[in-house]
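What follows is one structure encoded as structure tokens, with my remarks underneath.
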Amino acid sequence: MEFRRVKVRQPNLDPGVGVRRVAHAKSIAVADVTHRAILMLFIGYGLRTGEVGGLRLDDLDWENAMLRVRCPKPGRTHLWPLSQGVGHAILRYIREARPSGFGRSLFFTTLAPVRPLDRKALGEMVRDRLARIDVVTGRRGAHALRHAAASICWIKARR
């Protein structure tokens with residue numbers, strides 16, 4: 001008799017409950033304002049960490065409500081309509097929490113040394129934030145939010 005090893009997976013992020021909990025977590029702390037803007041990008045667009053980390057101030061077209069995203073994997077650039085919720089979160093971050101004088105990158109670390117956020121820092125931030133608001137998933141990271149965003153799009157398309 002032959003046995004196959006089967007990997008047991010934890011349940012993934014429930015698209016409805018988890019995403020609503022992440023999107024509605026509000027605070028006035030600088031780090032929380034930063035995290036909310038980043039999480040809204042992950043939730044609203046299903047972006048990868050490299051795409052969020054690569055965003056620059058010039059990628060936001062406020063007049064036409066568009067967001068330009070450079071995709072490192074396929075090497076393309078996509079234009080997305082900037083949703084009102086994501087736009088407000090980013091605008092609040094720029095006005096209240098983004099350090100000035102450090103370059104054109106959109107997101108920076110909140111503690112010294114101030115530098116643009118990279119993929120690793122973004123992944124750690126998402127894992128910490130999901131744990132803090134009690135979102136339980138087998139994978140705690142930006143990729144879980146990407147899958148949740150895709151699931152929500154799929155569910156809406158099926159209706």
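The values are calculated or read from the model by the stated rules, or taken from the named source; none is laboratory data. Note that this is a predicted model, so its numbers are computed, not measured. Don't worry about glycine lacking a Cβ; one is built from the backbone with ideal geometry, like all the others, and counts go over all protein chains shown. All accessible areas refer to the heavy atoms of the entire protein, side chains included, with ligands and DNA or RNA removed. Shrake-Rupley method; radii C 1.70, N 1.55, O 1.52, S 1.80 Å.
Structural remarks
- 3 or more residues modelled with pLDDT of 90 or more and not aromatic (Phe, Trp, Tyr): qualifying helices (runs of 4 or more DSSP H) within the range 1-80: 30-45, 49-53
- Single match in 81, 74 (criterion: open to solvent by 40 Å² or more (accessible area, probe 1.4 Å), over 16 Å from residue 105 (Cα atoms) and in contact with a strand residue (DSSP E or B) (Cβ under 8 Å, 6 or more places away or on another chain)): 81
- The listed residues are 65, 37, and the only one of them that is on the phi > 0 side of the Ramachandran plot and either touching a residue at least 24 places away in the same chain (Cβ under 8 Å) or among the hydrophobic types (A, V, I, L, M, F, W, C) (or both) turns out to be 65.
- Within the range 105-124, residues that are free of Cβ contacts under 8 Å to residues at least 60 places away in the same chain sit with their Cβ atoms under 6 Å from residues that are open to solvent by 30 Å² or more (accessible area, probe 1.4 Å) and charged (D, E, K, R), at 6+ positions apart or across chains, in these pairs: 105/56; 106/56; 109/115.
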